[in-house]
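The values are calculated or read from the model by the stated rules, or taken from the named source; none is laboratory data. As the structure is a prediction and not an experimental result, all values here were calculated from the model. Here the Cβ positions follow ideal geometry from the backbone for every residue, glycine too, while neighbour counts run over all protein chains shown. To get the accessible areas, we keep the full protein, side chains included, count just its heavy atoms, and leave off ligands, DNA and RNA. Shrake-Rupley method; radii C 1.70, N 1.55, O 1.52, S 1.80 Å.
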Amino acid sequence: MSPVRLFLLGRTLMKIGEEALPELPASADQHRVGTRAALVVLSDVLGHPDTSVSAIALRTGLPQSQVSGAVARLKDAGSVVTDPDPADGRRQLIRTALDVSERVAEVRASRIDDALAAALGTDEPERLREVVEALDVLARHLTPEAVGRLRG
């Protein structure tokens, strides 16, 4: 597989994932940060616990303001928590929340079946099962931590 084909596959999978996510409550609109940025930030936090906004921005290439907005959105949703950095009280360290919020539980319980069927153009059970199994294999081996190993 070529890098371009892999990139395009990843983009397609992101779009399917975005489509499958449950709608955000109206109150979540206050941060005006897109789902994609929030998920990129969450993925980075999963791979780099106890990290800062500036470190996330550096690793992801997102503007610091977008990372800050995504962290605020994720914090409101109960996905991450922040604590002051003991070495620099002005900075916050971000990590995933231990407790599962209502929103996190809702997202974890959601399924991709409808969005995947729409993308495949079929709801044939055998074809959906085959693709879901392949995605499960990829997800088991290519975790958010894997991205951290690419660039350190």
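Dividing the convex hull volume of the alpha carbon atoms of the range 85-127 by its residue count gives 147 Å³ per residue. In this structure, the amide hydrogen of Ala97, modeled 1.01 Å from its nitrogen in the peptide plane, lies closer than 5 angstrom to those of Val80, Val81, counting only residues at least 5 positions away or on a different chain.
Taking 25 Å as R0, compute the FRET efficiency from the Cβ-Cβ separation of Leu138 and Ser54 and round it to 0.05. Spell out each step's value before the answer.
On the way: r = 31 Å, r/R0 = 1.23.
That pair, Leu138 with Ser54, gives E of 0.20.
Over all distinct Cα pairs, what is the inverse of the mean 1/r for the chain, reported as the Kirkwood hydrodynamic radius in Å? Walk me through the intermediate numbers first.
On the way: mean 1/r = 0.0591 Å⁻¹.
Kirkwood radius, the chain: 16.9 Å.
Counted without the sites themselves, the longest stretch of the chain free of trypsin sites (Lys or Arg not before Pro) in a DSSP loop having at most 13 other beta carbon atoms within 10 Å is 33-110.
Carbon and sulfur together cover what percent of the accessible area of the chain at a 1.4 Å probe radius? Intermediate results must be reported in sequence, preceding the final value.
On the way: 5760 of 10200 Å².
Summing carbon and sulfur atoms, their accessible area is 56 percent of the total for the chain.
Assuming R0 = 22 Å, what is the FRET efficiency of Asp123 and Arg5, from their Cβ-Cβ distance, to the nearest 0.05? So, using R0 = 22 Å, E works out to roughly 0.30. Estimated from helices alone, the mean residue ellipticity of the chain at 222 nm is -19000 deg cm²/dmol (sum of -39500 (n - 2.57) over DSSP H runs with n ≥ 4, per residue).
Stokes-Einstein diffusion coefficient for the range 37-120 at 37 °C in a medium of 0.692 mPa s, Rh from the Kirkwood formula over Cα pairs: what value in µm²/s? Please report the intermediate quantities before stating the final value.
Values: Rh = 13.7 Å.
Estimated via Stokes-Einstein, D reaches 240 µm²/s.
In this entry, the range 73-145 is assigned a mean projected area of 7.0 nm², taken as a quarter of its C-alpha convex hull surface. If only the Cβ of Lys and Arg carry +1 and only the Cβ of Asp and Glu carry -1, the dipole of the range 13-119 around its Cα centre is close to 300 debye.
For Ser110 and Val81, compute 0.36 nm times the residue count separating them, minus their Cα-Cα distance, and round to one decimal in nm.
Working: separation 29, 0.36 × 29 = 10.44 nm, distance 2.26 nm.
Using 0.36 nm per residue and subtracting the Cα-Cα distance, I get 8.2 nm.
Toward the positive end of the charge dipole of the chain, about the Cα centre and with charges on Cβ (Lys, Arg +1; Asp, Glu -1), which of Ala139, Ser54, Ile112 goes farthest? In the chain, that residue is Ser54.
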